[in-house]
Structure formats: structure tokens, C-alpha cells
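Accompanying notes for the structure given below.
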Amino acid sequence: MKLTFTIAWRNILRHKGKSLVIGAILFTGAFLMTLGNGVVSGMAEGVRNNIINGFMGDIVLISDKQQSENILLNMTGTSIEPITSYKTIKRVLAGQPSVRRFLPAGKNLAMLLNDSSATPAFIYLLGADFAEYRKMFPDNFRVIEGSYPVSGARALLIPAAARDEMYDYGNIWYLPEGGSPVRKNLKKEALARIGELTVSSSVVMMGMTSGANTTTDVRFGVKGIISYRSLNKIFGHFCLVDIESYRECLGYFTSGDNSAEVPPEEKKLLGLDGSGLDALFGAGDLLVSAGAAHAVKQRTAAAVKKAPEDAENGAYNVVFIKLNDGVRYADAIAGLDRALKEAGAGVRAVPWNKASGPIGGMAVIIKGALFLFTALLFCVAVIIIVNTLTMAALERSSEIGMMRAVGARKSFISGMFLGETALLSAVFGGAGVLAGILAVEAIPLLKITTDNDMLQLLYGGDMFRPLLNSGDIALTVFQLVVVTVIASLYPMRVARSITPLDAISRD
Amino acid sequence: MNIIEIKDLKKEYPLGSTIVPALRGVDLEVGEGDFMSIIGPSGSGKTTLLNVIGCIDFATSGSVKVGGREITALSDRQITDIRLNNIGFIFQTFNLIPVLDVLENIEFPLLLMKRSGSEARRRAEKLAEEVGLKEYAAHRPAELSGGQRQRVAIARALVTNPGIVLADEPTANLDSVTGASILELMREMNELEKTTFIFSTHDANVLKYARRVVKIKDGLLEKEPAAA
């Protein structure tokens, strides 16, 4: 073995030009693979942390009737089915050892109404109790104008990114109640027209549902303007609103409706099966506002204090769940589904990466693309290495033939060529891996940030923060080993076919 | 006792649709410790004969025994082992491994035999001294003259204590003085190590070094004169 590697190493040094060509390819491949893995892992980890900790938790409960599990950014306009059994769900979740915290919420699309524009604009509404939301997702956004509403208040928080889009749509600059334009937060076009800027502290929105149910126009008082700490562009499509206003907007039962209007028999029926509700009760029974779809029942943003118990009587769309550390998703989901089914809750558990749709799967897609790119790069590397080593074998026929003549077996010759490629891979590929690791470590120090939607996805947040784990490094090393073996096969075959006679006939 | 026994050895090479006979029925016996020269003009078949004896090439027909073992029907691995253990080679163009120094080249066959590094090194140093290259032990082939390289090749051929050393025109690429010194050295080693030497040449001047001369022409050996 020592002899094989001695000859292999000295041959590498002897043929420096060829060795450098092969080495450069191996270095580049290993470097790109390591860095790429770091970027993808960083993105996956960033998206994971930001979505889990900042937006939807580890697991989301959705209605059994909900077909698509993607409930974050569903662009098809399909509404999310309501959940009417939260009290049952709450009881089940409270008994689950894997569950650390949970939050019921409403989530659906709403149409922004504006007399001055014929083109409708849309925004996502996230309805929840403000205090509970803060406990579930502490510090996931900061209020840059106005203030955070108290628990039970009727209020709307608009993300800065959404406000910019709303301005583009209706030329109205939304401000929190009692607020005035803050120059540094103004969109460039709005700043240019600051003297004649139309401002408003209320928004009229109509909930969007895909069924025949009629929804209601609701006027929301703007309490604050917020900025999400991570993935602000993506999460910035979501306005946070109190759950009761949300329900009114979407035409769901509010807690007030439940306690005041719906008898226990009907509540029981709702809990059993909601699919035929319209047929059973007629649209008017389900809706807060019966009658024409566009009948405006504008409600002011007067603060209404309700006990949490009352609020839980109404409809939600999702329940966000955070798990305790170390709990396996598969186990947790299986346990939850079993318990919820036994309780007849009519919901199922979906992991965050499925619930977040293409965003959660983006890491897998980019990783696949990167793997394909690297595979192509390594294919080119293999071809060049095969060609170079085969030429080397033929050029060294006399030397190899002599080795065979003095008693070297074919396996020794194979080992010599494999050794050369292995050493090149170890030295240059190893250097490539190390350089990749260093790059991954160094990039976060540069504090590269972005406001671009796509780049935020790629970064897994606002800052470019690649991350490597031992699995990524092992994958790169494995690929190098495969390249080494594949690249050595044909040259080894050529070298093995050289006979001792070649040592003489080529003299 | 004969170390080599050849009976009716024929070797033919296909050349397109033509068959070229290189050896046309050679009978030869070589005794242990011989210092024998095969002499003949270019194309007479002397290199082919050496190649077949050295298990580098294969007979078309006939029998070749090396050390009492028939070699015409052995596998590649068995043939390789015979070359490693029983035969030493000296090539016309030296054929040293360019990336190894003198001692490493000499000990190379021993390391193929899985001998320990220290044992191989001791044996290589002894032979380097015997061929007069002790001072050049750390030199690479490219740093040596033609004569010095051939000395390394001789030491390498002898390092495994083979029964036979085959040398195909070992002086062809050397000047006459160096060539003479190489033949002297081979003869010394023959006497010192008791190894059988068979070398080919087309130079009549080298005949004075051989104890036995076999002439070959057109693939056939000429009858040797009766021993005096």
C-alpha cells in the first residue's frame, strides 16, 4: 500500500500540469457542492425556524373537509374550511404531552374595497386573539407605527409590505388611528406626493369564501403598522386582525352569535358535519348578515370585551401547534390524529412544511436542482479525469509493462491508478470541502441582507446565513469517493491491459 | 541440472492475413549458473526467444520448462508469480521507474513480494554497493548516466535471487566502454550470485564475455560446436 501511494503521489508531482487540471475540477466541484449544501441547509433551517417560530408552529390542525394541506399561500383563491369544534380540540391538545403551546386562528383571503378603484385587491387575514398570538409567536414582528392592541380589542394590524401594496392599489396611505405619516416608512411614490397624500385609518374588507356563503363588508380600524422580523415579504401579505372581526368578515358564526342565536341542538349539528349546513339551515342561518352578497354591514372598530371562553365558541380555520423539544413529527402527528379522531373533532394534523406549501418544499426543490447541477459538474469532471488518466496510462505503457515484467500483478497496477485519483481527490477535493466550510462560516459575518421576496426564500430569512451539518459534508465526501472510483475505472482497465511485452515493443 | 528446457518451440505472429514465423522449432537446454549469449542478426528471433523464456510472450506450440515447470499453460497470475520469483529482467532501455530513486528501484520487486521494508532496503543497499552505485542511492534515474541506469537494472534483476536473469541487448544503448563494463559486471554477478544469465546481442565483440554462445538465424538455432 505504501509503495502504491508513494508511486502515485510522485507521479502526481511529476505530471503537475495534468494533476492541476484534475485537481482544479475536483476542488471546484467539492467547493460548490459544500457551499451549495450550506446554502440549501441554511435556507431549509431558516425557513423552518422562521415559519415554525414566527408563523405557524410545528403542526397545523385543519378541517377534515379541507382538501389542500397548503394553507399558507394558496394562490388559487380556494378558501380554508372552517373549524367549529375548537373546544373539543382544545381539550384534546391540553392532554397531549408532545404539545407545548397552541393557538386557534382564522386564515383566509379578503377583498379590499375601495370606491376609487375598479380593480379589486386582495389581502390575507389572520384572525386571532392578540394576547394569545403574542404568547404563541413572541417577537415575530415589531410595531413600527401605532401600538399593539389589547386582548379582545377590535383592531387591524397591517404589515408595512401590505400597506405599500394597498397604496399601489388605491392611492391611500393607511395610518394607525391618531397617527401621521412617518417619512422613513413612506413608500417612495407616497413620499413624492406627501403634500397631497390621502390617508386613512380604516379599511373596508370583504371576506372571500369559495362556497356560496355570503360574506360581509367590515370596516376595520387600523391600530398599527407592523414589520415581520423574518420573511417580511412573504409574511407581509398577512394582516393580523381580532378573531371576532375576522369571523364577521368571513361570514362565520361569531362567539356572540353562538351564545345569542344558535341553540345547542344546532351547535351539535354543526360539530357533527358542516358539509350540508347550507342545505340544513339556509345561508341566512350561517351568515352574520343575511341577504345580498354585497349588503354592507359596516361595523365600527369599537372595542368589545369578550371572555376567552366566549370567543372559543366561534369558528376558526386552523390551530397552530408548537411541539416540545425532541418530539418526532411522525409520532406527534400520529398521536394527535388518533386523539382528535377519537374525540370527533373533525380535524387532522399537518406538518409545517406541508402546511406552508411550496415555501416549505422550496428547500427540497433547490436542493434537487443543486444536486443536479453538481452531478453535471462531476460528470464533466469524470470525463476529463478519465481522459487525462487514460492518456497517462498509455504514455506510461513502457513503465507499466516493465512493472508487469518484474512481477507486478494487475491489481497492483489498478491500485496505482486508483491511488493517484484518490490522492488527487483527497488533496484537492478535501481542500474544496474545507474552502466550502470556511465560506459557509464566513458568509454570515458579511451580514448580507435582502428585501427581495425570492432572495428571502433562498436565504431562509432576511439574512443570508448558510449552514452546514455533518450530513452535508458526508454527502460531499461520498460524491468525491464515487467520482474517484468512476473516474479510475476506465484508466485502470486500460492500464491492466498493458502487458510486459509493451515494455519491450515500445522501446 | 538444466534450469531451462525448450523443445520444438514455435512462435508465429499474425500480420494481417499473413503468419510470420519468429521461431520455427527451437530446442535448447540451459544449465544452472550458465552465462550464455544468444547472438544473431536483427529479426533472427533472439528477442522472441528471450521473451518466451521470460514468460513475457507465449509460445504458439512446443514445450518450455523453467525450473522444471512447464510454463506454456499457466494463468496470467501464475506467470506473473514466476516472473516475480524466478526471473530477472534487464531491458535494452533500462526501464526504471522514473519517480523512484536508485534504492527504491532496486527494492521494487522485493516489495511486490511483500518482503518487509527493512529487509528489502538491506538487500537493495547490498546490491547497490555490488554494482557500484552506493553513492548514487538517492538519485532518480533521470540523474544517472546510461551505464549507471543499466547497473540499477542489473541490481533490480538480481535483488530477488532469481534462478535466471534475462538481458535483451543490454549494451545496445551504451558506448563500447560502458557496455564492456556492464558485461563485466554481469559476469561478476553471475559468479557472485550463481545466477544463470542469458543475454542477447548482435555485437560480435561481446562474445568474449560469454561462456556459452548460441547462434540464432531465421528462427532456428544453429548447432553449437561440441564443447572442447
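For A:L423, indicate whether it is within 14 Å of chain B (Cβ to nearest Cβ) and either among the aliphatic types (A, V, I, L, M) or under 30 Å from B:I56 (Cα atoms) (or both).
yes
Before we move on, is B:V20 of a type in the set (A, V, I, L, M) and buried (at least 20 other Cβ atoms within 10 Å of the Cβ)?
The answer is no for B:V20.
Just to check your reading of the model, which residue among A:G430, A:G461 is part of a helix (DSSP H, G or I), assigned by TED's automatic domain parsing to the domain that holds A:A405 and not aromatic (F, W, Y)? Break it down into steps so the answer makes sense when it comes.
Numbers: A:G461 fails: part of a helix (DSSP H, G or I).
None of the others qualify; the one that does is A:G430.
Here is a yes/no grid of residues against (1) within 14 Å of another protein chain (Cβ to nearest Cβ); (2) in contact (Cβ under 8 Å) with a residue 12 or more places away in the chain; (3) in a helix (DSSP H, G or I):
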{"site": "A:G314", "(1), (2), (3)": "no, yes, no"}
{"site": "A:I333", "(1), (2), (3)": "no, yes, yes"}
{"site": "A:A345", "(1), (2), (3)": "no, yes, no"}
{"site": "A:M362", "(1), (2), (3)": "no, yes, yes"}
{"site": "A:K367", "(1), (2), (3)": "no, yes, yes"}
{"site": "A:L370", "(1), (2), (3)": "no, yes, yes"}
{"site": "A:F373", "(1), (2), (3)": "no, yes, yes"}
{"site": "A:F378", "(1), (2), (3)": "no, yes, yes"}
{"site": "A:S398", "(1), (2), (3)": "yes, yes, yes"}
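Quick check on B:G68: is it over 20 Å from B:G179 (Cα atoms), at pLDDT below 90 and within 14 Å of chain A (Cβ to nearest Cβ)?
no
Of the conditions (1) charged (D, E, K, R); (2) more than 14 Å from every other protein chain (Cβ to nearest Cβ); (3) within 30 Å of B:N105 (Cα to Cα), A:D472 fails just one. Which one is it?
Status for A:D472: all satisfied but (3).
Can you tell me which residue in segment A:30-68 is farthest from A:F478 (Cα to Cα), limited to those that are within 9 Å of the chain's Cα centre (by Cα) and of a type in the set (A, V, I, L, M)?
Among those that are within 9 Å of the chain's Cα centre (by Cα) and of a type in the set (A, V, I, L, M), it is A:I51.
What strands (runs of 3 or more DSSP E) completely inside segment A:70-170 contain at least 3 residues that are closer than 26 Å to A:R229 by Cα, assigned by TED's automatic domain parsing to the domain that holds A:S230 and at pLDDT below 90?
Filter on segment A:70-170 gives A:99-113, A:121-127.
Being more than 10 Å from chain A (Cβ to nearest Cβ) and β-branched (V, I, T): is that true of B:I39 here? I'd like the intermediate steps shown before the answer.
Numbers: more than 10 Å from chain A (Cβ to nearest Cβ): yes; β-branched (V, I, T): yes.
Here the answer is yes, as B:I39 does meet what is asked.
Name the residue, out of B:A142, B:A128, B:A138, B:A124, that is within 14 Å of chain A (Cβ to nearest Cβ) and either surrounded by 21 or more Cβ atoms within 10 Å (Cβ to Cβ) or of a type in the set (D, E) (or both).
Sole residue among the options that is within 14 Å of chain A (Cβ to nearest Cβ) and either surrounded by 21 or more Cβ atoms within 10 Å (Cβ to Cβ) or of a type in the set (D, E) (or both): B:A124.
Could you look through segment B:71-83, keep only residues that are more than 8 Å from chain A (Cβ to nearest Cβ) and hydroxyl-bearing (S, T, Y), and pick out the one that is farthest from A:T499 (Cα to Cα)?
Once the filter is applied, the top-ranked residue is B:T72.
Considering each residue of segment B:84-108, count those that are within 19 Å of B:R187 (Cα to Cα), at pLDDT 85 or above and facing chain A (nearest Cβ under 9 Å), and give that number.
Total satisfying the criteria: 3.
Determine which member of the set A:I22, A:I7 is in a helix (DSSP H, G or I), crowded, with 20+ Cβ neighbours inside 10 Å, within 14 Å of chain B (Cβ to nearest Cβ) and out of contact with any Pro (no Cβ under 7 Å at 6 or more places or on another chain).
On the way: A:I22 fails: within 14 Å of chain B (Cβ to nearest Cβ).
Going through A:I22, A:I7 in turn, just one is in a helix (DSSP H, G or I), crowded, with 20+ Cβ neighbours inside 10 Å, within 14 Å of chain B (Cβ to nearest Cβ) and out of contact with any Pro (no Cβ under 7 Å at 6 or more places or on another chain): A:I7.
Give the residue, chosen from A:A381, A:A405, that is crowded, with 16+ Cβ neighbours inside 10 Å, touching a helix residue (DSSP H, G or I) at 6+ places or on another chain (Cβ under 6 Å) and at pLDDT 85 or above.
Details: A:A381 fails: at pLDDT 85 or above.
None of the others qualify; the one that does is A:A405.
Which pairs do you get when a residue that is surrounded by fewer than 20 Cβ atoms within 10 Å (Cβ to Cβ), found in segment A:152-163, comes within reach of a residue that is not aliphatic (A, V, I, L, M), reach meaning Cβ atoms under 7 angstrom, with the pair 6+ apart or on two chains?
Close Cβ pairs satisfying both conditions: A:A160/A:N185; A:A160/A:S227; A:A160/A:G236.
The values are calculated or read from the model by the stated rules, or taken from the named source; none is laboratory data. Quantities reported herein were computed from a predicted structural model and do not represent experimental measurements. Glycine gets a Cβ as well: all are built from the backbone with ideal geometry, and neighbour counts include every protein chain shown.
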